[in-house]
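Heads up: the structure comes next, in structure tokens.
Values in this text are rule-based calculations from the coordinates and carry no lab data. Fair warning: this is a prediction, and the values are worked out from it, not measured in the lab. Please note: Cβ atoms are built from the backbone with ideal geometry, for glycine as well, and neighbour counts cover all protein chains shown.
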Amino acid sequence: MTRLNAVDEDWDLLISFFPSDWKASARRTGALKGLRQDKSEENYLRLLLMHLGGGFSLRETVVRARQAELADLSDVALLKRLRKGKDWLYELCCGLFAERGLKGPDHQGVGLRLLDATVVKEPGQTGSQWRIHYSLQWPTLRCDYFKLTATEGKGTGETLRQYPVSPGDLILVDRGYCQAGGIHHVAAGKAWVTVRLNPHSIILHTQTGDEFPLLAKLKTIPRTGQIAAWKVQVPFENQAPVAARICVVRKSKAAIAQAIKKIEREASKNGSQLQPETCVYAEYIMVLTTFPEDQYPCAMILEWYRFRWQIELLFKRFKQIAQLGHLPKHDDESAKAWLYGKLFVALLTEKLIEQASALSPWGYLLQA
């Protein structure tokens, strides 16, 4: 089966899908600064897309560019251009995000940090696996922290302790980060965190220090859409416990049936015995938060967490579309530029698909 690629399309047509100020952005971000030859924005970006969208190595990209009389440079020079174009690629991504109307709930001027990690593999049967830990600011969409680790060994797992925190940070993360040590790490930095509750990975206490009766509490909210919140303490080693809340909403009947079907399928696949409490937990969305209660009520916390989940789904689609198969590990700057470039390719591809399927039978807008 032939693999279609946005870079194989007619270049003039592809340009029509770029953000309107894509050339000005190149000058504004200094992408062309210091180039001794060929300061064309078109050639610069086309060269990067051959590498990022076409999936060619640096060496293969420069050979193809030379044969096409697009550019005559070395693979080292191309890597330097990739690093130099990091901020330009970032602005191009933001431009396409803005066109999609991507907006979250009213954040009331508050900046959020969305933390997550993903695993990528270098090419070949013996290629190493790497884990990308990233922090994305909302609503600016700027990556404010990036870290690359191995996938095995001490200090490589998904934990909040992988990230530096600043006083006042509002952090949203998924259930993989529901660990007492990470929550205490955030609290020590005078920041706050909201995480999907995983009852099997964390111990919670009542205000008096007893084990929190989660199952008994859940039975008090039987109606679909019913919301509840309970105060808890998060103990960890010999440190003082961190005060938190559990915010819960009961799922719809259809969502409950789907969730139970999924966990039954996983239990059958793994040959494990499904515990009764697991089916009860599947009936609810449970979020653990340290956000101040007077400023962030339970409904707002649940709404913000729903938004975090949508961002995760968005990046999963990007990983598939951009074919995130390997990550250059030369240095942080080139890796960030490569990731922004892959994101741009994914956004551009989604825009092409949307135009082709929804707006016109020929797949693009006519030029004036």
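Mind checking which lysines have their C-alpha under 22 Å from Lys231, skipping anything on the same chain fewer than 8 residues away? Lys231 reaches Lys190, Lys217, Lys219, Lys251. Rounded to 0.05, the FRET efficiency of the Gln273 and Arg66 pair, given R0 = 41 Å and the Cβ-Cβ distance, is 0.10.
In terms of the Cα gyration tensor, with a ≥ b ≥ c the square roots of its eigenvalues, is the stretch 197-296 rounded because a/c is under 1.5, prolate because a/b exceeds b/c, or oblate?
Taking the square roots of the gyration eigenvalues as a ≥ b ≥ c, the stretch 197-296 is oblate.
The simple spin-label model puts a point 7 Å past each Cα toward its Cβ; for Glu266 and Leu148 those points are separated by 3.0 nm. One chain, two ends: Arg161 and Val119. Fully extended at 0.36 nm per residue, the span grows by 13.4 nm beyond their Cα-Cα distance.
Label reach from Ala255 (point 7 Å along Cα→C-beta): in the stretch 165-202, amide nitrogens under 15 Å belong to 196-197. Model label sites at Glu99 and Ala240, defined 7 Å from Cα along the beta-carbon direction, differ in position by 5.3 nm.
The gain in end-to-end length when the Lys217 to Ser40 segment is fully stretched comes to 57.3 nm, 0.36 nm per residue minus the alpha carbon separation. If I model a spin label at Thr224 and Gln129 as a point 7 Å from the Cα along the Cα→Cβ vector, what separation in nanometres do I get? Modelled inter-label distance: 3.9 nm.
Note on Asp21 and Arg306: the extension gain reaches 99.4 nm, defined as 0.36 nm multiplied by sequence separation minus the Cα-Cα distance. Between Ile353 and Lys33, the C-beta separation translates, for a Förster distance of 51 Å, into a calculated FRET efficiency of about 0.90.
The protection proxy used here, the mean number of other Cβ atoms lying within 10 Å of each residue, ranks peptides 269-281, 195-207 as follows, highest first: 195-207, 269-281.
Selection among Ala255, Ile285, Val232 by position relative to the dipole of the stretch 197-296 gives Ala255 as farthest towards the positive end (Cβ unit charges, Cα centre). By the beta-carbon count within 10 Å of each Cβ, the least crowded to most crowded order of Met300, Met50, fewest first, is Met300, Met50.
Rounded to the nearest 20, the size of the Cβ-charge dipole of the stretch 224-311 about its Cα centre is 420 debye, with Lys and Arg at +1 and Asp and Glu at -1.
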